[in-house]
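Notes follow once the structure below has been shown.
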Ligand SMILES: [Fe+2]
Ligand SMILES: [Fe+2]
């Protein structure tokens, strides 16, 4: 299955978000840095939960390394700008999305993977908006590369879900979760953060 983030997201990011984000780009950088750290941690959490799933372990351990590299790169930009990485203020978007993960184990694994896929898709969409706003400088090129990488992660999580569950079940659940994700985006205030 090859779906692009623009295909799965039911609601484009509100147009005012990019203005809010660029007006306080320092806050966005710090939030983004934590997003990359949490992406690495949640990939390894999936490895912890499903250690016998060989393909999942292999691909998500690699993903965790990539996310940790993103973390280090964003951190470098933070330091270069004379900023300090402050504590993570939490992510209501992810918290609300995780509430849609069902409890029975047969459904839980698919839901966990698909929630991760949607977070990657939304991240990719917004990193691309930042890249477009920044233009062709070093930071702009960096954000463009990250947007492409996170788009690939969206696909990876959907593929992993379909490896351990029926494709039709995965497709139907992805559609449901994408609708829930759009409602969350619509409800949340527009702030200088990735999501
Ligand atoms: Fe990343
Ligand atoms: Fe990612």
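The values are calculated or read from the model by the stated rules, or taken from the named source; none is laboratory data. Quick caveat, the model's predicted, so the values are computed rather than measured. Methodologically, a virtual Cβ is constructed for each residue, glycine included, from the backbone with ideal geometry; neighbour enumeration extends over all protein chains shown.
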- Within the set of pairs 6+ apart or on separate chains, which have a first residue in the stretch 60-73 that is without any contact (Cβ under 8 Å) to a residue 24 or more places away in the chain, a second that is more than 11 Å from ligand 2 (Cβ to nearest atom) and part of a helix (DSSP H, G or I), and C-beta atoms under 7 Å apart? 61/47
- Sole exception among (1) within 16 Å of ligand 1 (Cβ to nearest atom); (2) assigned to a helix (DSSP H, G or I) for residue 194, by number: (2)
- Message: Just checking, does the stretch 93-109 include any residue being within 16 Å of ligand 1 (Cβ to nearest atom) and modelled with pLDDT of 95 or more?
- Response: yes
- Test residue 147 against the criterion of being part of a helix (DSSP H, G or I) and either crowded, with 19+ Cβ neighbours inside 10 Å or touching a residue at least 24 places away in the same chain (Cβ under 8 Å) (or both), and give yes or no. yes
- Query: If you go through the stretch 156-175 one residue at a time, do you hit one that is touching a residue at least 40 places away in the same chain (Cβ under 8 Å) and within 16 Å of ligand 1 (Cβ to nearest atom)?
  - Reply: yes
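Can residue 127 be described as at pLDDT 95 or above, in a helix (DSSP H, G or I), surrounded by 15 or more Cβ atoms within 10 Å (Cβ to Cβ) and under 16 Å from the mean Cα position of the chain (by Cα)? Walk me through it before giving the result.
Details: at pLDDT 95 or above: yes; in a helix (DSSP H, G or I): yes; surrounded by 15 or more Cβ atoms within 10 Å (Cβ to Cβ): yes; under 16 Å from the mean Cα position of the chain (by Cα): yes.
Considered against the rule, which asks whether it is at pLDDT 95 or above, in a helix (DSSP H, G or I), surrounded by 15 or more Cβ atoms within 10 Å (Cβ to Cβ) and under 16 Å from the mean Cα position of the chain (by Cα), residue 127 comes out as yes.
Just a yes or no: is a residue in the stretch 160-171 under 21 Å from residue 21 (Cα atoms) and either surrounded by 19 or more Cβ atoms within 10 Å (Cβ to Cβ) or at pLDDT below 95 (or both)?
No, the stretch 160-171 contains no residue that is under 21 Å from residue 21 (Cα atoms) and either surrounded by 19 or more Cβ atoms within 10 Å (Cβ to Cβ) or at pLDDT below 95 (or both).
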